[in-house]
Each structure stands twice: as structure tokens, then as C-alpha cells.
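Okay, structure first, notes after.
The values are calculated or read from the model by the stated rules, or taken from the named source; none is laboratory data. This structure is a prediction, so every number in the text was calculated from the model and none was measured. Neighbour counts run over all protein chains shown; Cβ positions are idealised from the backbone, glycine included. Protein only, heavy atoms only, side chains kept; ligands, DNA and RNA dropped before computing areas. Shrake-Rupley method; radii C 1.70, N 1.55, O 1.52, S 1.80 Å.
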Amino acid sequence: MPPCSGLDDIVSAVRAAHDAAIPLRLRGAGSKDFYGGMLAGELLDLSGCRGIVAYEPTELYLTARCATPLAEIEAILAEKDQMLAFEPPLFGGATVGGCVAAGLSGPRRQQAGAVRDFVLGVKLVDGCGQVLNFGGQVMKNVAGYDVSRLLAGSMGTLGVIAEVTLKVLPRPPLETTLVFACAEAEAIGRLNDWGGRPLPISASFWHADRLFLRLSGARAAVEAARRQLGGEAAMNPELLWDSVREQSHPAFAGSLLWRLAVPSAAPCPGLRELRAIEWGGAQRWYDGEAEAVRDAAVRLGGHAVLYRAPESMRCREGAFAPLAPALLALHRRLKRAFDPKGILNPGRLYAEF
Amino acid sequence: MLKSDNSQCCVDPANLERQLRRFLPQHCLLVGEEDLRPYECDGLTAYRELPLAVCLPETEAQVIDILRTCHRLGVPVVARGAGTGLSGGAMPHAQGIVLSLARFNRILRIDRLARLAVVQPGVRNLAVSEAAAPFGLYYAPDPSSQIACTLGGNVAENSGGVHCLKYGLTVHNVLRIRVVSIEGEVFEIGSEAPDAPGYDLLALMIGSEGMLGVVTEVTVRLIPKPELAQVVMASFADVARAGDAVAAIIAAGIIPAGLEMMDKAATAAVEPFVKAGYDLAAEAILLCESDGTPEEVAEEIARVTGVLSAAGASEIRVSQSEAERLRFWAGRKAAFPAVGRITPDYYCMDGTIPRKRLAEMLSAIAVMEKKYGLRCANVFHAGDGNLHPLIMYDASQPGNWQRAEAFGAEILELSVALGGSITGEHGVGIEKINQMCVQYATPEIEAFHRIKAAFDERGLLNPGKAVPSLHRCAEYGRMHVHRGDLKFPELERF
Ligand SMILES: Cc1cc2nc3c(=O)[nH]c(=O)nc-3n(C[C@H](O)[C@H](O)[C@H](O)COP(=O)(O)OP(=O)(O)OC[C@H]3O[C@@H](n4cnc5c(N)ncnc54)[C@H](O)[C@@H]3O)c2cc1C
């Protein structure tokens, strides 16, 4: 199938696949081919559908075609001192469509919110090749069900996101990073204690008994917080946060990586294979045996994602935590509502659909 | 006895009552007309209907039984919180029951360390913040109705408030809900941990207006209360300048805790009532709040004041005490009831528009006031482009309500034409059902119906609300107008 260079191409490709019941594998830049369920189906190469359609700094939104590289978006935002506040990983060439579909947020999520919190509208091509417009470019819009946000993290299984509008925010005037020496339990305790106080904490990262804390905000607020918190100034903070966001930090090295999402105050699960803690305690990274990790996640009231793993293990385990039967049935019905023939990224979210 | 006034109905009211009494105690079921009367409408009083019965369950097991019974008998169910909704979302169905969550009024847990509260859906919005206050925490979304409206209603409407610009809407502050489906199945949606697995059903459920399930428990995020808040009040000699000032604040990289506008008609209505000290000579006033540490607030207030004077503010005042701050806000928060005092009835609209189109919208409303012969006061969540024109009318005058309704419809349709939406936070309900046909084309409306069917195949939850039938849209006669085309060729462009 030739690469798509615009909406019309996407529509005709999906229509043809729908008519012939051929599964499609959606791809922006392929930066997250490693993530989620197994890749299956004929390649629908979206890389030609790029370009920023609209950017209105004072309206705080940006609209871009799906394969627009995030790097390009961040560059144009930086010119106006604005940013994608959820700090999505770039992983090389990540595109905005893939960013929304995968739903991955970076270090600033603990303060600013997740991808879904910034999705304002989408142009979607559903599994029948119909073009659907949901949401828009305004901050508040409760007309109709919020399909735009539903797509965040849907792994391309509900439709091809052809265009997306994101809310953007001003960059904080000042950022500074502190470092503290402390063990796992103490880090979790401190992060939650600080979280309950009005401090401008925009990111946190614990690894190998060192806890890094990024403060962002008005100059006065950052300086006051720094005096209050103590700790030491970290070296090269930009490089550090970039390596956390891009997972190039040694904490994430290796072929096996589990992501545990847990309530931030959940105690240490007593697993030896802890690699790192982020998001004020709510995101924890492990390697280790599937059963032990999944059990620990459930015990702590959260869930585990098999984030990076050898193909055989991903096949066997499934990437995402299994859904309760009633919830799975509901997912299937929703999937059918958007993609009745099940041709879009089958198995990429759950093997069942 | 349940009333039975509809010969073509398929519901046998006597049988329904018998079935409900099997598991609902006497005090949990209302069937007499005088008992049903208080439930005939929500905050949008122009639309009224009496239900067959009102159920006031006290346990989730009763909710499940009620829903199962209604599902089996094909009886429509309208969930209800405090009934403060402004789009007729909780207006009963003549052939159905009202399921009131009023008795689900307990705060189940406040977790100081994890900064969250688990509450039942009938808990009032303000009660959550009050309960969290001893821990220095609060629940951020603060609709002006917060002393009365419930968390269940907030979830169903994705309610906002004056602090949403910085702290987000309900959808940004709810972590998890428990929902009972029309078939009586219980779902846990979302979780205390971030990014629950599977589709983001929480996003879908929030703002779904009681169409997809009945919420029986809500977990919300609490955030630390800022040390200090201060508000700047600025006067402007014309509304366009005030609109530009809003954009200038954002352009300066400031996201204030609140950014609100009131026009002259609104301040004139409010001032005698609240004595907030508003500048009555100004065509518009802006309220801009800053919160954080004292140093941070001082820094931001200085920047905001600079931007506002550069943008042409004729007078600027900064609240000098917490009492004064609250007084500045009191007028804004009491705007609806204040307008209610100077007119027999008022009709509150809820369109959103790109901020930069504000002046255009306000000039168009001024033209419409003449066209419909009705006055309109405007309050505006200016920071996020959400306009609340309050159309004043007198329901006792024949034809008056119809004119108000047409006036409102024209504002909403202009909101869409200007690139916005027919509703920012009050929901579609029954009120804006026709304007849905203007905002969305057939394929999207069909998609909404498919989503609804995935949750509620027989369409028993809040039927006739939120999403219009295609038939209705065809009748409304606008399906031929497609998105992006000029919607109002007859309207002068400003
Ligand atoms: C003076 C005034 C000021 C207002 N200011 C604001 C404002 O600033 N911002 C704002 O957003 N809104 C505002 N509103 C509108 C209204 O208060 C909100 O929409 C509120 O969230 C409704 O809550 P409620 O409990 O009254 O819900 P109701 O009116 O009882 O119901 C609203 C909708 O929610 C559904 N529902 C209720 N409970 C449940 C449940 N447990 N499960 C499923 N569905 C349920 C109902 O079926 C209905 O569709 C205002 C209203 C008034 C009267």
C-alpha cells in the first residue's frame, strides 16, 4: 500500500481495507513499534500526513496532521515560549498522532496532567473510512460524548487519528532541580508529603538512592520552595530530565521493563527489581518476573504494563493488564461501534480485539 | 397509585410500582403527584414533565435492582443529583422514573497522604472541599452552584467553575468512578493509579449526561490549598478592549487561577444585590485571580497589572484582604440570582468561542437584543472562552419565552459559526438538542448513537437527551449545512 499523504489517501486506504476485510497496522514514524500488543496487518504508512494546520498562541491550541513530528511542534511552540505540558517522549521521530494514540506522558505529568488532559479535538477516520470530527479548538466543550479524549491511549484501535488539536501552555519562567540522597521508602514518603503542600514540583525521579526533584514556576515560587526543601542543586538538570523523558537514562536500560502505575502513596511492594520511581510515586519501573510484578501492581491498587520486552514475552503476557470480563465486553462493543470489521490495529491493545 | 395518562404507553405503571416495592421500602419510593411535583424540572424551569415515580435508593444494591427492573420492563430512567442542571438533563421522562441519588450523601474516605477523596454521588461539591480543608487540601472545580450541586451531577455534566482555567474541569480532577449499567452490572472505571488500562472510559463517562450509566461512587483528586490568593479587578471602556486584555494576559505567559468578565448589564444587576464595589461606569470589568505563595502572587499581580494597564484598563484595583477578594468574587458568583432579581425569568446560555471572537459575539448579542426585544446581561469565563449570556424575559407574557428561546438558539449557533461550541459546561440536555444538529454532522451523530448503544442498547437511560435523533435533525432542517460553511449568510459580519 503506498504511503498516505493526506486525509483523502487515508479514507481510500481504510475504505478499501474495510471492503476487503484486510487488517491494517497504523504507523506514524514507528517510534513506538516496541510498545503494546503485537503488530499485525498490512502497513498503513501515515508518515506523509504532516504539517501544522493552525497554531494560536493566545488561544492556547495547536492543530496538526497526524504524522507531524513532535519535535517540529515543540520547536514552533518554543518560539512563543509555550510547550506540550505533558512532555511526551520523542523516542527519535515520534509523531503527534502516535503520541495521542499511545497515550504516553512524560515527567511533567505529575503536575500538568496526561496526554488526554490536553486533547481538545480530533479528525478521525473510523474503521469504515468515514471522517468524523469530535471536539474542537476551544478549551471547554461538552457537546456530545468526549470521543477525542477516549482516543488517547486507544493504540489506533478505534480509528486513524488524521488530525489532532492539543491545548498548549506557557513555559514556566524558571526551573531548577534539587537532589536528595534517600532510599525507596523514604523517597515515596517524602514525595507524597511534598505533594500535599503547595509546592511547584513539576517532576520527580528516583534511582539508585538519589531523588531528583524539579521545581517549575514563577521565579519567586521556585526560590521560596528551594529554600524550604533544602537538598542540593543537581548538575545538568536539562540533560537529566531529557534522559528520563526519553528513557535513555541507565535506569531504563535492558531488554525488559515493566511500568507500574500505582496510587502515589502506595508502599514499597518489596520487589528487588525496582529501577526507578517517577510522578510523585505513581509511576514505578521494574524488571522482573511477570507474575510477581503483576501481583504487586494489583496488591498496591494499580496495574502493570509490560513496557519493553522480548517479542516472545510480549506475545505470551500481553502488554496491558487484563480487563475484568464486563469491562472487556464493553471494550469490544465500543470497538465495534468504531471499527465493525476489526481491521484497525487488531491486537495492538488487547489480543481479544 | 402511579398515574397512567398515556394510552399508547407500553409501561404498566401499576406493575412497575409493584415490582419496585418488592425491594424498595416505603420511604424510598414516591408516586403521589404532590410528591412528584418537586422533581418535574431541574434548574431550567421552562421544561417540565412529571415522572411515573421517583426512587430514592439508599444502597447500591437498590440502585442495581431498580435498574434491572426498569431494564426488564422497558422503563426509562433519569438519574438526578440536586437538580441544579441548566439544560434540562434531569428533567423526567413521562413514561419513566427519576432515580435520585440524594441519599448517597456520604463522604466515604479522605486520604490526606494520597490526596484524594472517595465520595458518594449525592455529596455536594462544596462539602468535599470543606471536609478536605483540615488537611490543607481542596477539590478544585468550583461551579457557582457548588453549595447545592452534587458530584454525580458534576461528573455527568463535566462541570467547570471560575478556577478551571488553571485547575481544569471535572474531567481533569476525577480519578475513578463506580458505575451501574442499565442492566445492573457494576463497572469500576479509572483508578487511584494513573492511566487505567484499556480505553479511557472515564473521559467518555464524564460529561455523558446520565446517558451511559448511573454513577454510585466518585474518587476525586484533592490539591493543596494555595497559601494566598488575590484578585485584580480592571475596568474597561469597551468590551473589545477587555477581550484583547484577556488575550494579552495569556500571551504574556500567565495562566491565572481565574479570569472572568462581566459586562455593564451584569454589573448593574449585581452591584445593588452584593455591593461588591464594581465600577458601574465601565462597559466591562475583568476579574483576574492569582494564587500561590505570597512572593509568587506578588510577582504575578505585578505582571497582570502591567498587562492590563497596557491593554487600556481605565481603573485597576487589587484586593487588599481575603474579605475584599471574596467580595469581588461574590458578585460574579451571584450573577445568576442577581439577574433573577431584576427580571421575572432569565435564560442562561453556555456557548464557548475562541477568545479573540469575543467582541464580535458581544456586538452580535447587542443586535439580537433589539431583534428579539429582550435584554441580555453577559458573564463570561473569559479565560477559557465560555460565555454565559443571561437573557431576561417574562414567562407570564405570551410569546416571551419563545422569543428568549430563539434568541438563545441564535447565540449558540453563532458560537459554532465562530469556531466554538454550543455548550462549555452546562450540557446539551433537552435544551440544546436541536443545536447539536448544527454543531455535528450526521456521521458524528450516528457515532454518538453507536456509543450510546454500546452502553445501553435499548436506550433507556435519559432517553431524548444529549444526542438528537437524525429524524429530529432533519426536522430542524439544518442537516444540509455542513461544518465550516458559512452558517449565517443573513448575519452581518463584524
Ligand atoms: C445558579 C447556578 C449556577 C451554576 N453555575 C455553574 C457553573 O459555574 N459551572 C457549571 O459547570 N455548572 C453550573 N451550573 C449548572 C449545574 O449546577 C451543574 O451542571 C451541576 O453539575 C449539576 O449538578 P446536580 O447535582 O444539580 O445535577 P442534576 O441537575 O440533578 O443532574 C444533571 C445531569 O446529571 C445526571 N446525573 C445526576 N446524577 C447522576 C448520577 N449519579 N449518575 C449519572 N447521572 C447523573 C442527570 O441525569 C442529569 O443529566 C449552575 C447552576 C445554577 C442553578
Name the residues in the stretch A:166-204 that are within 18 Å of the chain's Cα centre (by Cα) and open to solvent by 10 Å² or more (accessible area, probe 1.4 Å), would you?
A:Lys167, A:Leu169
Residues located in the stretch B:163-179, provided they are over 22 Å from A:Pro322 (Cβ atoms), within 11 Å of the ligand (Cβ to nearest atom) and crowded, with 24+ Cβ neighbours inside 10 Å
B:Cys164, B:Leu169, B:Thr170
Which one of the conditions (1) more than 14 Å from chain A (Cβ to nearest Cβ); (2) within 16 Å of the ligand (Cβ to nearest atom); (3) open to solvent by 40 Å² or more (accessible area, probe 1.4 Å) does B:Ala269 fail to meet, given that it meets all the rest?
(3)
The helices (runs of 4 or more DSSP H) lying entirely within the stretch A:1-119 that contain at least 3 residues which are touching a residue at least 12 places away in the same chain (Cβ under 8 Å) and surrounded by fewer than 22 Cβ atoms within 10 Å (Cβ to Cβ) are A:7-20, A:70-79
Those residues of the stretch B:443-467 which are away from the ligand (no atom under 16 Å from the Cβ) and either within 10 Å of another protein chain (Cβ to nearest Cβ) or open to solvent by less than 30 Å² (accessible area, probe 1.4 Å) (or both) amount to B:Pro443, B:Glu444, B:Ile445, B:Glu446, B:Ala447, B:His449, B:Arg450, B:Ala453, B:Ala454, B:Glu457
Which of the residues spanning the stretch B:276-296 are within 14 Å of chain A (Cβ to nearest Cβ) and on the phi < 0 side of the Ramachandran plot?
B:Ser290, B:Asp291, B:Thr293, B:Pro294, B:Glu295, B:Glu296
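Looking at this structure, is B:Ser191 over 30 Å from B:Leu286 (Cα atoms), open to solvent by less than 10 Å² (accessible area, probe 1.4 Å) and facing chain A (nearest Cβ under 8 Å)?
Values: over 30 Å from B:Leu286 (Cα atoms): yes; open to solvent by less than 10 Å² (accessible area, probe 1.4 Å): no; facing chain A (nearest Cβ under 8 Å): yes.
Against the criterion (over 30 Å from B:Leu286 (Cα atoms), open to solvent by less than 10 Å² (accessible area, probe 1.4 Å) and facing chain A (nearest Cβ under 8 Å)), B:Ser191 does not qualify.
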For A:Lys140, work out the one condition from (1) open to solvent by 30 Å² or more (accessible area, probe 1.4 Å); (2) of a type in the set (Lys, Arg); (3) within 10 Å of chain B (Cβ to nearest Cβ) it doesn't fulfil.
(1)
Okay, helices (runs of 4 or more DSSP H) sitting entirely in the stretch A:261-353 with 2 or more residues that are farther than 24 Å from B:Glu185 by Cα, I get A:290-299, A:311-317
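Applying the selection to the stretch A:95-108, what residues are out of contact with any strand residue (DSSP E or B) (no Cβ under 7 Å at 6 or more places or on another chain) and among the aliphatic types (A, V, I, L, M)?
Within the stretch A:95-108, A:Ala102, A:Leu104 meet the criteria.
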The stretch B:99-151, subset in a helix (DSSP H, G or I) and more than 15 Å from the ligand (Cβ to nearest atom), residue nearest to the other protein chains (Cβ to nearest Cβ):
B:Phe135
Considering every residue within the stretch B:17-34, establish whether at least one is acidic (Asp, Glu) and free of Cβ contacts under 8 Å to residues at least 12 places away in the same chain.
yes
Against the definition (at positive phi and surrounded by fewer than 23 Cβ atoms within 10 Å (Cβ to Cβ)), how does B:Gly74 come out, yes or no?
yes
Restricting the stretch A:205-221 to residues that are buried (at least 19 other Cβ atoms within 10 Å of the Cβ) and modelled with pLDDT under 95, which is farthest from the other protein chains (Cβ to nearest Cβ)?
A:Gly217
Tally the residues that are open to solvent by less than 10 Å² (accessible area, probe 1.4 Å), away from chain A (no Cβ under 14 Å) and in contact (Cβ under 8 Å) with a residue 60 or more places away in the chain, restricting the search to the stretch B:379-397.
2
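State whether the residues of the stretch A:245-258 include one that is in a loop (DSSP other than H, G, I, E, B) and under 20 Å from A:Pro173 (Cβ atoms). Walk me through it before giving the result.
Initial filter on the stretch A:245-258 (in a loop (DSSP other than H, G, I, E, B)): A:246-249, A:253-256.
Then drop every residue that is not under 20 Å from A:Pro173 (Cβ atoms), which leaves none.
Looking through the stretch A:245-258, none of the residues is in a loop (DSSP other than H, G, I, E, B) and under 20 Å from A:Pro173 (Cβ atoms).
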State whether the residues of the stretch B:3-19 include one that is crowded, with 24+ Cβ neighbours inside 10 Å and part of a helix (DSSP H, G or I).
no
Checking B:Val98, B:Val63, B:Val119 in turn, the sole residue that is touching a residue at least 40 places away in the same chain (Cβ under 8 Å), open to solvent by less than 10 Å² (accessible area, probe 1.4 Å) and more than 23 Å from the chain's Cα centre (by Cα) turns out to be B:Val63
Identify, by number, the condition in (1) touching a Ser or Thr at 6+ places or on another chain (Cβ under 8 Å); (2) under 24 Å from B:Tyr476 (Cα atoms); (3) open to solvent by 20 Å² or more (accessible area, probe 1.4 Å) that B:Ser415 doesn't meet.
(3)
Tell me yes or no: at least one residue of the stretch B:346-357 is closer than 22 Å to B:Leu286 by Cβ, in contact with a Phe, Trp or Tyr (Cβ under 9 Å, 6 or more places away or on another chain), of a type in the set (A, V, I, L, M) and more than 14 Å from chain A (Cβ to nearest Cβ).
no
Return yes when B:Gly210 is surrounded by 24 or more Cβ atoms within 10 Å (Cβ to Cβ), touching a residue at least 40 places away in the same chain (Cβ under 8 Å) and more than 28 Å from A:Glu59 (Cβ to Cβ) and no when it is not.
yes
Conditions: (1) within 14 Å of another protein chain (Cβ to nearest Cβ); (2) open to solvent by less than 30 Å² (accessible area, probe 1.4 Å); (3) not in a strand (DSSP E or B). B:Glu299 meets all but one. Number of the miss?
(2)
Might you check whether a residue that is within 14 Å of another protein chain (Cβ to nearest Cβ), hydrophobic (A, V, I, L, M, F, W, C) and either in contact with a Leu (Cβ under 8 Å, 6 or more places away or on another chain) or within 14 Å of the ligand (Cβ to nearest atom) (or both) occurs anywhere in the stretch B:53-66?
yes
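Is it the case that B:Arg48 is open to solvent by 40 Å² or more (accessible area, probe 1.4 Å), over 25 Å from B:Met205 (Cβ atoms) and not aromatic (Phe, Trp, Tyr)?
When the stated conditions are applied, B:Arg48 passes them.
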From the list B:Ser181, B:Ser235, B:Ser191, exactly one residue is among the hydroxyl-bearing types (Ser, Thr, Tyr), under 25 Å from B:Glu360 (Cβ atoms) and in contact with a strand residue (DSSP E or B) (Cβ under 8 Å, 6 or more places away or on another chain). Which is it?
B:Ser235
Tally, over the stretch B:213-236, of residues that are surrounded by fewer than 24 Cβ atoms within 10 Å (Cβ to Cβ) and near the ligand (Cβ under 9 Å from one of its atoms):
1
Determine, yes or no, whether A:Leu158 is open to solvent by less than 20 Å² (accessible area, probe 1.4 Å), facing chain B (nearest Cβ under 8 Å) and touching an Asp or Glu at 6+ places or on another chain (Cβ under 6 Å).
no
